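Just below is one structure, and these are the notes that go with it.
The values are calculated or read from the model by the stated rules, or taken from the named source; none is laboratory data. Keep in mind it's a predicted model, so treat the numbers as computed, not measured. Every residue, glycine as well, gets a Cβ built from its backbone with ideal geometry; the counts of neighbours run over all protein chains shown.
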Amino acid sequence: MISRIWHGYTTPEKSDAYENLLRDEIFVGIEKRNIPGFRGIQLFRRPLGEEVEFVTVMWFDTLEAVKAFAGEDYEVAVVPPKARAILKRFDERSQHYEIRIDHTQGAL
């Protein structure tokens, strides 16, 4: 299993709008693509003074599944124009990790 991790930052004033965009449009759009090997996505959020940090963690069966989502240069961040308009800054590239041990006991 592969984990794709990405960070984006916005202002506190725009943070709810960004979270809503992710939940209501971007994540739904990703799921509707029915990418073979895509297992899901998680969103993390924390305040950092003048910014709010968002972290997305996507789960894929294989690197080939990641490429089906992001393209051949799979580390490039996939940030739609609506998200770019809200974000203050973001990682230009995502990080990918092979999951070696998973002690997950259940979903939230």
Strands (runs of 3 or more DSSP E) wholly inside segment 15-108 containing at least 2 residues that are closer than 19 Å to Arg4 by Cα, free of Cβ contacts under 8 Å to residues at least 60 places away in the same chain and of a type outside the set (Asp, Glu): 38-48, 51-60
Segment 22-42, residues that are exposed (fewer than 14 other Cβ atoms within 10 Å of the Cβ) and not polar (S, T, N, Q): Arg23, Asp24, Glu25, Val28, Gly29, Glu31, Lys32, Arg33, Pro36, Arg39, Gly40
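When you check Ile35 against the structure, is it farther than 16 Å from Asp91 by Cβ and over 13 Å from the mean Cα position of the chain (by Cα), yes or no?
For Ile35, the condition - farther than 16 Å from Asp91 by Cβ and over 13 Å from the mean Cα position of the chain (by Cα) - is met.
Is there a residue in segment 27-36 that is at pLDDT 95 or above, of a type in the set (A, V, I, L, M, F, W, C) and in contact with a helix residue (DSSP H, G or I) (Cβ under 8 Å, 6 or more places away or on another chain)?
Step one: filter segment 27-36 for residues at pLDDT 95 or above, giving 27-36.
Of the ones still in play, those that are also of a type in the set (A, V, I, L, M, F, W, C) are 27-28, 30, 35.
Now narrow it down to the ones that are in contact with a helix residue (DSSP H, G or I) (Cβ under 8 Å, 6 or more places away or on another chain): 30, 35.
Scanning segment 27-36, I find at least one residue that is at pLDDT 95 or above, of a type in the set (A, V, I, L, M, F, W, C) and in contact with a helix residue (DSSP H, G or I) (Cβ under 8 Å, 6 or more places away or on another chain), so the answer is yes.
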